[in-house]
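Taking it in order: structure first as structure tokens, then the write-up.
The values are calculated or read from the model by the stated rules, or taken from the named source; none is laboratory data. Since the structure is predicted, the reported quantities are computational estimates derived from the model, not experimental observations. Cβ sites come from the backbone with ideal geometry, for glycine too, and all protein chains shown count toward neighbours. All accessible areas refer to the heavy atoms of the entire protein, side chains included, with ligands and DNA or RNA removed. Shrake-Rupley method; radii C 1.70, N 1.55, O 1.52, S 1.80 Å.
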Amino acid sequence: QPFPILALPMIAANVLLLLLICLFAVSGFQSFTVPNSKISSTSSLLATRGEVIKAAMALPLAIVPLPASAAAPPSSKPPVVLVLGASGRSGMSTIEACLKRSIPCTSATRTGSDPFKVVKLDKTNYTPYPSPVDVTDLSSLKAVIEAVKPTAIVYAASASKKGGNAQEVDYGGVKNVVEVLPKSTRLVLISALAVDRPDSQGYKMTNSMGGVVDGIMYQKLRGEDEVRKKVKDYVIIRPGVLVNGKDGGPVEIAQGDYLGGGLSRQELAELVVDAVEAPETDFTVEVYRKKTRTALQKEFEGQGSIIESGGSGKERFKGVVKDK
């Protein structure tokens, strides 16, 4: 409870009176009158001292507590989020979702440019990291983490023509982050549906697109495995097909890689920020709009563990099962 400031004048007066009494008592005065006290004249110094102490003990101390409404609220600091791959659409959407909740966040891009330089939004809690951060380069990762000191890192980077192929970014980049990740920092990894289902149509189509994304599903699974093996505080989110439109109804969360569907990048971003703030940790989930739910393979009909439909915030992942 805060010190009762309003009581200071009265407390000071009582302390001063007590000091004066003690001063007179120890300096040889054999008689001293204290207002409203029972100290009487006496020839005995010891008796006077005893009465002085007794009277001093009887003095009321006026301690007036402050009203409960004036008490200082308990401190609750928001997380500090570092978004890697912030120039991509999923990374930018994640930053916007953070800012909507007044969560401080820093964007880190391969070129060092600010992805929001010409975008109009409230940038009160936003900081663009001014130097290039390449997830394939350990030194740049170490530098940004040391500078920002994040409580959570969102890995939104993925293979691209200029940034590197799937093996370099979706596996190698994740491995690098795991290597330099501070023990007290949560890692939220954006992966993909069906990475555990190589026989599914979605896996086969995505994994064989060729070019820099060739083999991307396999490399994303390797990245996930690095996180699950070595990180103590993580969340892996496997989004479905990313579609247009900000809101398409309740989002469903599932586990087991049996079910999938589609959702927007904005919906994904809200889930990512929920994962940053969630009390639960060390789990993997698939996310999609409820109305788009489909089995990843025909034999998976009726299977899969659905956590919830709809909802948002810190309670979004209540009931998830931790990874083994």
Legend entry - Any hit, the stretch 219-231, residues being modelled with pLDDT of 95 or more and assigned to a loop (DSSP other than H, G, I, E, B): yes
Inset, instruction - Could you tell me which residue of the stretch 102-122 is modelled with the lowest pLDDT, considering only residues that are closer than 23 Å to residue 78 by Cα and loosely packed, with under 14 Cβ neighbours inside 10 Å? - result: 121
Inset, instruction - Might you let me know whether the stretch 180-201 holds any residue that is open to solvent by 30 Å² or more (accessible area, probe 1.4 Å), under 28 Å from residue 260 (Cβ atoms) and touching a Leu at 6+ places or on another chain (Cβ under 6 Å)? - result: yes
Legend entry - Residue list for the stretch 229-246, restricted to those being open to solvent by 10 Å² or more (accessible area, probe 1.4 Å), within 24 Å of the chain's Cα centre (by Cα) and hydrophobic (A, V, I, L, M, F, W, C): 231
Legend entry - Residue pairs meeting the criteria (Cβ under 9 Å; at least 6 apart or on separate chains; first on the phi > 0 side of the Ramachandran plot, in the stretch 195-211; second open to solvent by less than 100 Å² (accessible area, probe 1.4 Å) and part of a loop (DSSP other than H, G, I, E, B)): 211/159; 211/165
Inset, instruction - Kindly check whether there is at least one residue in the stretch 155-169 that is hydrophobic (A, V, I, L, M, F, W, C), under 23 Å from the mean Cα position of the chain (by Cα) and under 24 Å from residue 240 (Cβ atoms). - result: yes
Inset, instruction - Name, by its number, the condition in (1) open to solvent by less than 60 Å² (accessible area, probe 1.4 Å); (2) modelled with pLDDT under 95; (3) hydrophobic (A, V, I, L, M, F, W, C) that does not hold for residue 269. - result: (2)
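With 95, 153, 145 as the choices, which residue is open to solvent by less than 50 Å² (accessible area, probe 1.4 Å) and not in a helix (DSSP H, G or I)?
Within the list 95, 153, 145, the selection yields 153.
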Legend entry - Options 283, 317; residue that is at pLDDT below 95 and on the phi < 0 side of the Ramachandran plot: 317
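Determine, yes or no, whether residue 249 is assigned to a helix (DSSP H, G or I), among the small types (Gly, Ala, Ser) and over 22 Å from the mean Cα position of the chain (by Cα).
Taking the combined requirement at face value, the residue does not satisfy it.
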Inset, instruction - Tell me, yes or no, whether the stretch 295-303 has at least one residue that is among the aliphatic types (A, V, I, L, M), open to solvent by 10 Å² or more (accessible area, probe 1.4 Å) and in contact (Cβ under 8 Å) with a residue 60 or more places away in the chain. - result: yes
Inset, instruction - Taking the residues in the stretch 253-304 that are in a helix (DSSP H, G or I) and among the β-branched types (Val, Ile, Thr) as candidates, determine which candidate is nearest to the chain's Cα centre (by Cα). - result: 276
Legend entry - Output for the stretch 278-294, where each listed residue is surrounded by 19 or more Cβ atoms within 10 Å (Cβ to Cβ), among the charged types (D, E, K, R) and closer than 22 Å to residue 150 by Cα: none
Legend entry - Residue satisfying all of: in the stretch 209-224; of a type outside the set (A, V, I, L, M) and open to solvent by less than 60 Å² (accessible area, probe 1.4 Å); farthest from residue 289 (Cα to Cα) among these: 210
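Residues checked against (1) over 22 Å from the mean Cα position of the chain (by Cα); (2) β-branched (Val, Ile, Thr):
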residue	(1), (2)
132	yes, no
141	no, no
148	no, yes
151	no, yes
187	no, no
205	yes, no
223	yes, no
227	no, yes
Inset, instruction - Could you tell me whether residue 252 is in contact with a helix residue (DSSP H, G or I) (Cβ under 6 Å, 6 or more places away or on another chain), open to solvent by 20 Å² or more (accessible area, probe 1.4 Å) and either under 26 Å from residue 300 (Cβ atoms) or not small (Gly, Ala, Ser) (or both)? - result: no
